[in-house]
Structures are given as C-alpha cells and as structure tokens.
1. Can you confirm whether the range 23-43 contains a residue that is surrounded by 16 or more Cβ atoms within 10 Å (Cβ to Cβ), assigned to a loop (DSSP other than H, G, I, E, B) and small (G, A, S)?
2. For the range 70-116, enumerate the residues that are under 30 Å from G11 (Cβ atoms) and of a type in the set (S, T, Y).
3. Pull up the range 58-92, narrow it to residues that are in a helix (DSSP H, G or I) and over 30 Å from T119 (Cβ atoms), then point me to the one that is farthest from the ligand (Cβ to nearest atom).
4. Take A307 and tell me if it is buried (at least 18 other Cβ atoms within 10 Å of the Cβ), in contact with a Ser or Thr (Cβ under 7 Å, 6 or more places away or on another chain) and over 26 Å from E252 (Cβ atoms).
5. Suppose the filter is touching a residue at least 12 places away in the same chain (Cβ under 8 Å) and either within 16 Å of the ligand (Cβ to nearest atom) or crowded, with 22+ Cβ neighbours inside 10 Å (or both); does Q254 pass it?
6. I need the full set of residues from the range 135-146 which are modelled with pLDDT of 95 or more and not polar (S, T, N, Q), in order please.
7. Could you please give the count of residues in the range 287-327 that are in a loop (DSSP other than H, G, I, E, B), closer than 30 Å to G62 by Cα, among the small types (G, A, S) and within 16 Å of the ligand (Cβ to nearest atom)?
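The values are calculated or read from the model by the stated rules, or taken from the named source; none is laboratory data. Quick caveat, the model's predicted, so the values are computed rather than measured. Using ideal geometry, Cβ is built from the backbone for each residue, glycine included, and neighbour counts are taken over all protein chains shown.
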Amino acid sequence: MRKETKCVHSGTIDDIMSGGVNSPVFPSTAFNYVDRQDVPYPRAYNTPNQKAVVEKVCALEGAGEGGDGVLFSSGMAAISTAILAFAQQGDHVVLMDELYGGTHSFATEQFKRLGIGYTFAATDAGAICAAIGENENTKVVVIESPTNPLLSVIDIRKVADCARSKNAVTIIDNTFATPVNQNPLKLGVDVVVHSGTKYFGGHSDLCCGVAVAGKENAQRIRSEARHLGGSVNALTCHLIERSLKTLALRVERQSENALRIAQFLENHPKVRRVYYPGLASSPHHEMAKSQMEGFGAMVSFEPGIDAGRFTRNLRIIKPAVSLGGVESTICPPAATSHAGVPVADRQRLGISDSLLRLSVGIEHYEDLIEDIGGALEL
Ligand SMILES: *Cc1c(COP(=O)(O)O)cnc(C)c1O
C-alpha cells in the first residue's frame, strides 16, 4: 500500500459486531485477566485503540514486520521517555543545538540532576559525529531535520552510522517532516518520535506524541513509559486515528502550497531572506532531495518591513504559536518558541528578531499569496 492508502486503512480494528467501517472505540480501563496475557490497561500502552493508532503510524514510518511503537499524551512525553529509556546515570547524550526548545531545556534543566552528561553539537552531521567520537560514554544521539525554525537539513544516514559504530541509539524528532515526507528508520535511525499535536492532529485541537522503533527498542521505551505515565484515553485515540486518515492528503497539499509561497517570497523585493529546503537556491536542497519525499510545509523568512506590522496586516494567516494545522499560522520564533534561548545563542544560530515562521495550511495558495503580498505592501 502507498502512504495515502495506509493513512486510511492501516491499523483499523475490524468491527465484527456491527460491520461499521471505523474502528470501534473501547473506553474500558479494566479488562478481564482470566487466561489472558498482556491484559490491556491504558498505562501499559496496549489498549485496542492505542494499538490501532500505533499500527497506522508504524505503517507510515515503514517500521516493517519487527516495528512497534508507543502512543503518548504529548510530544514531550514521547521525547523525554525515549531518551530516559536509553540514558542511565553516568551516560553521555549528544544533542544537536538547533533542537525543539522543549527538548533543549529537558537536557539543560534535567540531565545534571539525573547524572547524565551532554554535549550540544552544531547542526551538521560532521560536528555531531565528532561529538559522538569524543565521548566514550555516548549512549544516545538526539537530532531533528528539518530544524525549527531555520529548516536546516542534516545528513541523517551519516549521523545514524556514526552512532551505530559507537553502539549509541539515534533518536530523531520527525515532527516537521511527518512520515509523509520522511522515513528516518529507512535511513538507519533507531527511534522516531513525533509531536502528534502538530500534523497528526492537524486541526490544532489534539495533544499527543508517538515513538516508533524496532521491537526491542520499542519495548524498552514502553517499560520506561509505564513508570512515567503519559498515556492516552480511548476517545482521544479515536480522534487521532480519524485525523491520521487525512494526514497524507493534508501534508501533500500543505507542502505544495509551501513551495509556491517560498518561491513567491524569494522573488519579492520586500523580502530579505527565505528558508525552505524545497527551494533550488537553498544550501540544503540537495540533501533534502536525497532523503525526503517532500519538503514539508514550514517556511521561515525575514520580511524587509517591520515583522510586527507585517503580521498585523495579514487577513487570512493567523498569528499563533504551534503549527501543523489546516489553517495557516505565523509567529516570530525570537519572541515565542525560542524566547528562552539567550540572545547571543539566537544570533549565533541565525534566529533574528525579524524572522517569521509560517506554518502553511490547506487554504488555496493564491489566497495565501495574496494575503502575504498585500501585507507586504501596506
Ligand atoms: C511541538 C513540538 C514538540 C513538543 O510536542 P508537545 O506535543 O507540545 O509536547 C516536539 N518537537 C517538535 C519539533 C515540536 O514542534
């Protein structure tokens, strides 16, 4: 099956009672244990509706026969649990410096207390491999590609190979690409995590996360998750499953819209700079082409006019944090997602005060381009 078909059909629970086309919802938290193994319980991450969602995501990520996953109540629950499943006291973790802010602060605010050492490496496969090589105790490597908010793309296969040669586990946050555009397990990555709050939900009204891996690694994550909690109830699973049916449809259209908007911005005299790996002029274009099926629906840019005025001039695109919804939203990372990053670090990374991050929705691209064009002229 192709991804569009997997979105609709993979993991669906056969409704043998009434013949309905949707997975039945099983809201029970208490299940019969007599003569049964692996008795379902929400915090054991094995209820029917949790498993239906995980099976769909595994199919989309190309996890194969031996693949398995765990569904969480947020992206950060998936990320923190996955890291803690593989990093013990005395171990070392290598992270990329352009990570999601929550993952960045999980390391800086929690690792010391847990006795876990860490290094932040530059957003580049060579620098990450060097950091892995420098530490004998490196057990976990955490990466993201494309990154937030500058949409840098790193050589995922190279990082996974370096980590494997040191017996370290590679964890990638695949939220921005989605499984529609990128399948890191096929590039050698061990664990793929998602904030399902973004494209999986897709309507800016759900919070969840997923970790997908080979069977043994997934089992380690599930064991850790039983201690930490962070499970999802059946009704939310139903909504996630429903949303995932249109994931490919949405993300394909959103990615097409994003390319058209990036090209418009690139050619606009009042725009200073555009970051989008789908642009032929992007320094990341070749790498993106080699490891992604599509370039995603996030576009960052610096308008040549005051960014605050530009945002207030928009009529359709909404100023809002978060991303991945059917509606286009825009925010200034320096004042929102990356406000906690020290100014000097922001400048070093290239996150200027006028940078805007646009999450492109499913509206007609001409309406979005007219909205942006109009706001630049006002
Ligand atoms: C939002 C986000 C997260 C965190 O997800 P939550 O569901 O908010 O916990 C992690 N990584 C990326 C890239 C994100 O955009």
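1. The answer is yes, given that some residue of the range 23-43 is surrounded by 16 or more Cβ atoms within 10 Å (Cβ to Cβ), assigned to a loop (DSSP other than H, G, I, E, B) and small (G, A, S).
2. The answer is S73, S74, S80, T81, Y100, T103.
3. Looking at residues that are in a helix (DSSP H, G or I) and over 30 Å from T119 (Cβ atoms), I get A59.
4. yes
5. For Q254, the condition - touching a residue at least 12 places away in the same chain (Cβ under 8 Å) and either within 16 Å of the ligand (Cβ to nearest atom) or crowded, with 22+ Cβ neighbours inside 10 Å (or both) - is met.
6. Across the range 135-146, the qualifying residues are K139, V140, V141, V142, I143, E144, P146.
7. 5
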